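The values are calculated or read from the model by the stated rules, or taken from the named source; none is laboratory data. None of the values given here were measured: they were computed from a predicted structure. A quick note on method: Cβ atoms are made from the backbone with ideal geometry, for glycine too, and the neighbour counts reach across all protein chains shown. Just so you know, the surface numbers come from the protein's heavy atoms only, side chains and all, with ligands and any DNA or RNA stripped out. Shrake-Rupley method; radii C 1.70, N 1.55, O 1.52, S 1.80 Å.
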Amino acid sequence: MKYTISLLFLFWVSALRAQQDTVRKIRLPLEVIYFGGVQFNNASNLNRILKQEGAGKFPGFGWNAGAGIAYRIKQTLIGGSFSLSTNSKKDNILNTGDFVLHVASNAVRAGNFILSPQLGVGVQWSTFTIQKHGQSGSFDDFLDSNSNQTQMEYNAAIVDFNITLKSMNKNRTVFYPECRVGYKSAITKNEWKLIGTKATDVPTDRLGNLYLQLAWGIGR
(Lines give C-alpha, C1' and ligand atoms only; values in the text may rest on other atoms or scores of the structure.)
Protein backbone atom coordinates (compact mmCIF):
# COMPACT_ATOMS: atom_id res chain seq x y z
CA MET A 1 0.00 0.00 0.00
CA LYS A 2 2.78 2.43 0.92
CA TYR A 3 4.43 1.89 -2.47
CA THR A 4 1.11 2.60 -4.20
CA ILE A 5 0.68 5.79 -2.19
CA SER A 6 4.25 6.83 -2.97
CA LEU A 7 3.72 6.25 -6.68
CA LEU A 8 0.46 8.21 -6.62
CA PHE A 9 2.19 11.04 -4.75
CA LEU A 10 5.04 11.12 -7.28
CA PHE A 11 2.55 11.11 -10.13
CA TRP A 12 0.62 14.00 -8.51
CA VAL A 13 3.83 16.02 -8.02
CA SER A 14 4.90 15.38 -11.61
CA ALA A 15 1.48 16.40 -12.91
CA LEU A 16 1.52 19.55 -10.77
CA ARG A 17 4.97 20.55 -12.04
CA ALA A 18 3.88 19.95 -15.62
CA GLN A 19 0.82 22.12 -15.03
CA GLN A 20 2.96 24.90 -13.53
CA ASP A 21 5.30 24.78 -16.53
CA THR A 22 2.32 25.06 -18.85
CA VAL A 23 0.94 28.05 -16.90
CA ARG A 24 4.33 29.77 -17.10
CA LYS A 25 4.40 29.35 -20.86
CA ILE A 26 0.85 30.70 -21.30
CA ARG A 27 0.96 34.49 -20.89
CA LEU A 28 -2.45 36.03 -21.09
CA PRO A 29 -2.28 39.56 -22.52
CA LEU A 30 -3.49 41.24 -19.35
CA GLU A 31 -2.52 44.43 -17.57
CA VAL A 32 -3.16 44.88 -13.86
CA ILE A 33 -2.79 48.19 -12.04
CA TYR A 34 -2.98 49.28 -8.40
CA PHE A 35 -3.10 53.00 -7.71
CA GLY A 36 -3.40 55.63 -5.01
CA GLY A 37 -3.19 59.38 -4.87
CA VAL A 38 -4.97 62.66 -4.30
CA GLN A 39 -8.34 63.85 -5.55
CA PHE A 40 -9.82 67.33 -5.95
CA ASN A 41 -13.63 67.62 -5.97
CA ASN A 42 -15.95 70.26 -7.37
CA ALA A 43 -19.67 70.64 -6.54
CA SER A 44 -20.24 74.37 -7.01
CA ASN A 45 -24.00 74.53 -6.35
CA LEU A 46 -23.90 72.54 -3.12
CA ASN A 47 -20.81 74.43 -1.93
CA ARG A 48 -22.58 77.77 -2.52
CA ILE A 49 -25.57 76.69 -0.40
CA LEU A 50 -23.31 75.42 2.39
CA LYS A 51 -21.60 78.81 2.58
CA GLN A 52 -24.92 80.67 2.58
CA GLU A 53 -26.25 78.56 5.45
CA GLY A 54 -23.01 78.66 7.45
CA ALA A 55 -22.65 74.88 7.19
CA GLY A 56 -18.98 74.82 6.31
CA LYS A 57 -17.54 73.95 2.91
CA PHE A 58 -17.66 71.09 0.47
CA PRO A 59 -14.48 68.97 0.78
CA GLY A 60 -12.29 69.94 -2.15
CA PHE A 61 -9.29 67.74 -1.35
CA GLY A 62 -8.95 64.10 -0.36
CA TRP A 63 -7.35 60.72 -1.00
CA ASN A 64 -8.24 57.89 -3.35
CA ALA A 65 -7.12 54.36 -4.15
CA GLY A 66 -8.20 51.51 -6.39
CA ALA A 67 -7.28 48.84 -8.89
CA GLY A 68 -7.98 47.83 -12.47
CA ILE A 69 -7.49 45.09 -15.03
CA ALA A 70 -7.51 45.19 -18.82
CA TYR A 71 -7.21 42.74 -21.72
CA ARG A 72 -4.78 43.74 -24.46
CA ILE A 73 -5.55 43.34 -28.17
CA LYS A 74 -2.33 44.43 -29.89
CA GLN A 75 -1.90 47.99 -28.55
CA THR A 76 -5.54 48.43 -27.46
CA LEU A 77 -6.66 47.76 -23.89
CA ILE A 78 -10.23 46.98 -22.83
CA GLY A 79 -10.95 46.66 -19.15
CA GLY A 80 -12.42 48.01 -15.96
CA SER A 81 -11.40 49.61 -12.69
CA PHE A 82 -12.83 50.64 -9.36
CA SER A 83 -11.76 53.26 -6.85
CA LEU A 84 -12.70 54.62 -3.44
CA SER A 85 -12.00 58.07 -2.02
CA THR A 86 -12.45 59.90 1.25
CA ASN A 87 -12.41 63.66 1.60
CA SER A 88 -13.01 65.95 4.56
CA LYS A 89 -13.24 69.66 5.28
CA LYS A 90 -13.25 70.16 9.03
CA ASP A 91 -16.12 67.85 10.03
CA ASN A 92 -17.84 67.63 6.62
CA ILE A 93 -16.98 64.28 5.06
CA LEU A 94 -17.41 63.08 1.46
CA ASN A 95 -16.97 59.38 0.62
CA THR A 96 -17.07 58.32 -3.02
CA GLY A 97 -16.83 55.08 -4.96
CA ASP A 98 -16.96 54.34 -8.67
CA PHE A 99 -16.74 51.57 -11.25
CA VAL A 100 -15.55 52.37 -14.78
CA LEU A 101 -15.27 50.39 -18.04
CA HIS A 102 -12.57 51.82 -20.26
CA VAL A 103 -10.65 51.65 -23.53
CA ALA A 104 -6.98 52.64 -23.64
CA SER A 105 -4.00 52.49 -25.99
CA ASN A 106 -0.30 51.65 -25.62
CA ALA A 107 0.54 52.94 -29.10
CA VAL A 108 2.22 56.21 -28.03
CA ARG A 109 5.83 55.37 -27.15
CA ALA A 110 8.88 57.49 -26.46
CA GLY A 111 12.14 55.76 -25.59
CA ASN A 112 11.52 53.47 -22.64
CA PHE A 113 8.13 54.95 -21.80
CA ILE A 114 4.51 54.52 -22.90
CA LEU A 115 2.02 57.37 -22.80
CA SER A 116 -1.35 55.66 -22.53
CA PRO A 117 -4.58 57.71 -22.95
CA GLN A 118 -7.71 56.14 -21.50
CA LEU A 119 -11.42 56.91 -21.91
CA GLY A 120 -14.11 55.27 -19.82
CA VAL A 121 -17.73 55.42 -18.70
CA GLY A 122 -19.18 54.14 -15.47
CA VAL A 123 -21.17 54.82 -12.33
CA GLN A 124 -20.32 56.80 -9.22
CA TRP A 125 -21.95 56.84 -5.79
CA SER A 126 -21.24 59.33 -3.01
CA THR A 127 -22.33 60.06 0.55
CA PHE A 128 -21.82 63.45 2.16
CA THR A 129 -22.13 64.13 5.90
CA ILE A 130 -22.46 67.64 7.34
CA GLN A 131 -21.59 67.91 11.02
CA LYS A 132 -23.59 70.65 12.73
CA HIS A 133 -22.20 72.64 15.66
CA GLY A 134 -23.76 74.89 18.26
CA GLN A 135 -26.86 72.72 18.66
CA SER A 136 -28.59 72.47 22.04
CA GLY A 137 -31.43 70.47 23.51
CA SER A 138 -32.15 67.29 25.40
CA PHE A 139 -31.06 63.86 24.27
CA ASP A 140 -34.66 63.05 23.32
CA ASP A 141 -34.81 66.21 21.16
CA PHE A 142 -31.95 64.96 19.01
CA LEU A 143 -33.69 61.61 18.61
CA ASP A 144 -36.97 63.27 17.69
CA SER A 145 -36.85 66.68 16.00
CA ASN A 146 -33.31 68.06 16.07
CA SER A 147 -30.26 66.66 14.35
CA ASN A 148 -26.55 67.21 14.82
CA GLN A 149 -25.82 65.78 11.36
CA THR A 150 -27.25 65.93 7.86
CA GLN A 151 -26.48 63.10 5.44
CA MET A 152 -27.07 63.05 1.72
CA GLU A 153 -26.27 60.85 -1.27
CA TYR A 154 -25.35 61.49 -4.86
CA ASN A 155 -25.43 58.90 -7.67
CA ALA A 156 -24.44 59.53 -11.28
CA ALA A 157 -23.27 58.08 -14.56
CA ILE A 158 -19.78 59.40 -15.23
CA VAL A 159 -17.21 59.80 -17.96
CA ASP A 160 -13.54 59.31 -17.04
CA PHE A 161 -10.47 60.43 -19.01
CA ASN A 162 -6.87 59.96 -17.91
CA ILE A 163 -3.34 59.65 -19.25
CA THR A 164 -0.95 57.11 -17.72
CA LEU A 165 2.84 57.27 -18.03
CA LYS A 166 4.19 53.71 -18.04
CA SER A 167 7.72 52.35 -18.11
CA MET A 168 8.56 49.65 -20.65
CA ASN A 169 8.20 46.21 -19.11
CA LYS A 170 9.21 43.17 -21.14
CA ASN A 171 9.14 40.93 -18.08
CA ARG A 172 5.42 40.39 -17.49
CA THR A 173 5.97 39.08 -13.92
CA VAL A 174 7.47 42.29 -12.50
CA PHE A 175 5.56 45.32 -11.22
CA TYR A 176 6.75 48.68 -12.49
CA PRO A 177 5.89 52.14 -11.16
CA GLU A 178 3.51 54.31 -13.14
CA CYS A 179 1.81 57.67 -12.71
CA ARG A 180 -1.37 59.13 -14.15
CA VAL A 181 -3.55 62.20 -14.16
CA GLY A 182 -7.24 62.26 -15.00
CA TYR A 183 -10.65 63.81 -14.59
CA LYS A 184 -14.04 62.26 -13.84
CA SER A 185 -17.30 64.09 -14.37
CA ALA A 186 -20.98 63.28 -14.03
CA ILE A 187 -22.56 63.17 -17.48
CA THR A 188 -25.61 65.15 -16.33
CA LYS A 189 -26.56 67.22 -13.30
CA ASN A 190 -27.86 65.04 -10.48
CA GLU A 191 -29.57 65.72 -7.16
CA TRP A 192 -28.05 65.69 -3.69
CA LYS A 193 -30.77 63.62 -1.97
CA LEU A 194 -31.18 63.63 1.80
CA ILE A 195 -30.82 60.10 3.20
CA GLY A 196 -33.93 58.77 4.92
CA THR A 197 -36.22 61.65 4.03
CA LYS A 198 -37.63 63.66 1.15
CA ALA A 199 -36.91 67.33 0.63
CA THR A 200 -37.88 69.98 -1.89
CA ASP A 201 -35.57 72.38 -3.71
CA VAL A 202 -32.58 70.06 -3.46
CA PRO A 203 -29.42 71.31 -5.23
CA THR A 204 -28.12 69.62 -8.37
CA ASP A 205 -24.51 69.35 -9.49
CA ARG A 206 -22.32 67.82 -12.13
CA LEU A 207 -19.82 66.46 -9.62
CA GLY A 208 -16.26 66.55 -10.94
CA ASN A 209 -13.09 64.87 -9.64
CA LEU A 210 -9.54 65.73 -10.74
CA TYR A 211 -7.06 63.09 -9.62
CA LEU A 212 -3.29 62.55 -9.54
CA GLN A 213 -2.08 59.04 -8.82
CA LEU A 214 1.02 56.91 -8.41
CA ALA A 215 0.55 53.30 -9.47
CA TRP A 216 2.10 49.87 -9.79
CA GLY A 217 1.40 48.00 -13.01
CA ILE A 218 2.17 44.57 -14.42
CA GLY A 219 1.88 43.28 -17.98
CA ARG A 220 2.20 44.99 -21.37
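Based on what the data block shows, is G62 under 18 Å from E153 (Cβ atoms), touching a residue at least 12 places away in the same chain (Cβ under 8 Å), within 17 Å of the chain's Cα centre (by Cα) and surrounded by 16 or more Cβ atoms within 10 Å (Cβ to Cβ)? It is true that G62 is under 18 Å from E153 (Cβ atoms), touching a residue at least 12 places away in the same chain (Cβ under 8 Å), within 17 Å of the chain's Cα centre (by Cα) and surrounded by 16 or more Cβ atoms within 10 Å (Cβ to Cβ).
When the stretch 198-214 is filtered for residues that are part of a loop (DSSP other than H, G, I, E, B) and either within 15 Å of Y34 (Cβ to Cβ) or open to solvent by less than 80 Å² (accessible area, probe 1.4 Å) (or both), the ones remaining, listed by number, are A199, V202, P203, L207. From the list F113, F128, F82, the one residue that fits, being at pLDDT below 95 and farther than 24 Å from N155 by Cα, is F113.
For N87, the criteria (1) under 18 Å from E153 (Cα atoms); (2) in a strand (DSSP E or B); (3) open to solvent by 90 Å² or more (accessible area, probe 1.4 Å) hold in every case but one, which is (3). If you check G217, G182 for being open to solvent by less than 70 Å² (accessible area, probe 1.4 Å), modelled with pLDDT of 90 or more, outside any loop (DSSP other than H, G, I, E, B) and within 21 Å of Y34 (Cβ to Cβ), only one passes: G182. Among the residues of the stretch 10-29, none qualifies, meaning not one is exposed (fewer than 13 other Cβ atoms within 10 Å of the Cβ) and at pLDDT 90 or above. Could you please find all residues in the stretch 102-114 being of a type in the set (A, V, I, L, M, F, W, C) and either surrounded by 15 or more Cβ atoms within 10 Å (Cβ to Cβ) or in contact (Cβ under 8 Å) with a residue 60 or more places away in the chain (or both)? Residues satisfying the conditions are A104, I114.
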